[in-house]
Amino acid sequence: MQAGELKEPVEVLELQKSGTDYAWALKHETWAKAEPQKGKSLFSAIGVGMRAVKFTIRKQDITLDDAISWQGKHYFLTEITEIDHMYYEISAAEVEPKPCELVEKTVENDELNRPVASAPEVTMTFPACMTEKYMGFAQQIPQSRADVRFVLVTPKVIALALGDLIRVEGIIYNVQVQHELDEHKNEYEIAVVKEA
């Protein structure tokens, strides 16, 4: 590895918290060698793989809890390997973080003592990556339903519970399965049922 090969400016990002809001913020800038890979990066154990890129940088403060921004795109880090005691080789997946909201609905009784759900109230915001999990279709008389499932991959500090409601791009999903054994990320199977 030659130092002159590190000619791509990249930003190392870290997750920061402000009150109940989480967001990616600049940790520091550095130079890297960036090599798009032919295969896909399996950044999710249960979701579809994404475009893979290998970054080589000088050894510095970076962990699998961080992310990289390069050429306006966001990269989820999947592996960091030390090379020659001077460099890190970083495997990453190109993802598009989505702004997510953890919302709560409360039920109150109206003037006739009938239960009425309130408008969803946002209790936390955070970035997460969505990938496809499964799409099913069921024909029901007289209408049809589409069961849409995704995998929501979050930074480790974002802990969701079964049944939590997550709003992504205006659609409210329900957390149905938790996968929290990874040291650096959590994965949640989320679903919404739509009339087809």
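Here are the numbers for the structure shown:
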{"item": "The range 46-90, accessible surface, carbon-and-sulfur percent (1.4 angstrom probe)", "result": "48"}
{"item": "In nm, spacing of pseudo-spin labels at GLU180 and THR20 (7 Å Cα→C-beta vector)", "result": "1.8"}
{"item": "Charge tally in the Cβ shell below 12 Å around HIS28, where Lys, Arg are +1 and Asp, Glu are -1, HIS28 excluded", "result": "-3"}
{"item": "Given LYS40/LYS105; LYS17/LYS38; LYS73/LYS105; LYS7/LYS98; LYS54/LYS105, the pairs whose alpha carbons are separated by over 32 Å", "result": "LYS40/LYS105; LYS17/LYS38; LYS73/LYS105; LYS54/LYS105"}
{"item": "For the range 109-132 versus the range 2-26, the gap between their alpha-carbon centres in whole angstrom", "result": "32"}
{"item": "Candidate aspartates and glutamates for bridging to LYS59, where Cα separation is under 19 Å - those fewer than 8 sequence places away on the same chain excluded", "result": "GLU5, GLU8, GLU11, GLU14, GLU29, GLU35, GLU79, GLU82, ASP84, GLU89"}
{"item": "For MET130, solvent-accessible area (1.4 Å; no DNA, RNA or ligand), Å²", "result": "40"}
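The values are calculated or read from the model by the stated rules, or taken from the named source; none is laboratory data. Everything numeric in this text was worked out from a predicted model, so none of it was measured. Backbone-built Cβ (ideal geometry, glycine too); neighbour counts: all protein chains shown. In case anyone asks, the SASA skips ligands and DNA or RNA and just uses the protein heavy atoms, side chains included. Shrake-Rupley method; radii C 1.70, N 1.55, O 1.52, S 1.80 Å.
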